[in-house]
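The values are calculated or read from the model by the stated rules, or taken from the named source; none is laboratory data. Worth saying up front: this structure is predicted, and the values here are computed from it rather than measured. Here the Cβ positions follow ideal geometry from the backbone for every residue, glycine too, while neighbour counts run over all protein chains shown. For accessibility, only protein heavy atoms count, side chains too; no ligands or nucleic acids. Shrake-Rupley method; radii C 1.70, N 1.55, O 1.52, S 1.80 Å.
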Amino acid sequence: MASARAALLRRHCLAAATGANPTLFSGHGLRYRKLEVILTTTIDKLGKAGEVVKVAPGHFRNHLMPKMLAVPNIDKFAILIREQRKLYQRQEEEVVKEVRQEDVDAKQQEEKLKEYQTAAKRLDNALLVLRRFISTGNELRSPVTKDEIVSEVARQLNINIHPDNLHLPSPLASLGEFEVPLRLPRDIPRPEGKIQCTLTVKIRRK
């Protein structure tokens, strides 16, 4: 749509420059006067897009008009320029909105990653203590499951994790201290000198 408008603008401009608007070029003595033109783009030392400036007729015919840098300052061109600027302004606003949304999404992603890193570090340094009844020896009356560990992590450490974040093939069935591997996203850095984060779970007699 923008290209069609530009083509239409070029045709009207050429018509004006080649005689359709005789007041600009054909009047006796007017060829040495400066013309009022509307800039279609910002030009250094001349003006900004949309501004009306005065230029030499030859400069307009030979440089500004062929490159569609300016059009004659008459009503029909002024209307076209205003419509074109409205279109470009809407397009620019849409681009700005998209860029701002991308910035917001990137910032949210960065903040979320920092939260994960902080939580992973706390889990790796934590000692989760559970007390259970025993049946015989060191055997627990009821084994400790993933769901129980998840619940205790939320209660003791105020960190919410999912059972899938724990690598626990079978429930913990005896007293003692256990290193439970954590399954975390790959983009979360691991503790220095460790292949993966772990949660230390200590089960004591109740």
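A few comments on the model shown:
- Across the range 60-65, coupling constants 3J(HN,Hα) worked out from phi with the 6.51/-1.76/1.60 Karplus curve, θ = phi - 60°, read 5, 5, 8, 10, 5, 5 Hz, and Gly and Pro carry x.
- Of the solvent-accessible surface of the range 113-205, computed with a 1.4 Å probe and all protein chains present, 49% belongs to carbon and sulfur.
- The candidates Arg82, Arg190, arranged from most to least accessible area with a 1.4 Å probe in the full protein assembly, appear as Arg82, Arg190.
- Taking packing as the residue-averaged number of other Cβ atoms within 10 angstrom, the listed peptides 39-51, 133-145 run from highest to lowest as 39-51, 133-145.
- Cross-link check: pairs Lys112/Lys206; Lys34/Lys67; Lys114/Lys194; Lys107/Lys202; Lys114/Lys206; Lys146/Lys194 evaluated at a Cα-Cα cut-off of 30 Å; pairs beyond the cut-off: Lys112/Lys206; Lys107/Lys202; Lys114/Lys206.
- Computed Rg/Rh of the range 128-184, alpha carbon atoms with Kirkwood Rh: 0.97
- For Lys202, distant residues with modelled amide H under 5 Å away: Leu128, Val129, Leu130, Phe178
- J(HN,Hα) series, the range 128-136, from Karplus relation 6.51 cos²θ - 1.76 cosθ + 1.60, nearest Hz, glycine and proline x: 8, 9, 10, 10, 9, 6, 10, 9, 9
- The phi-based Karplus calculation (6.51 cos²θ - 1.76 cosθ + 1.60; θ = phi - 60°) puts the 3J(HN,Hα) values of the range 170-180 at 9, x, 6, 10, 9, 5, x, 10, 10, 9, 9 Hz, whole numbers, x for Gly and Pro.
- Quotient of Cα Rg and 2.2 N^0.38 Å for the range 152-206, N being how many residues it contains: 1.23
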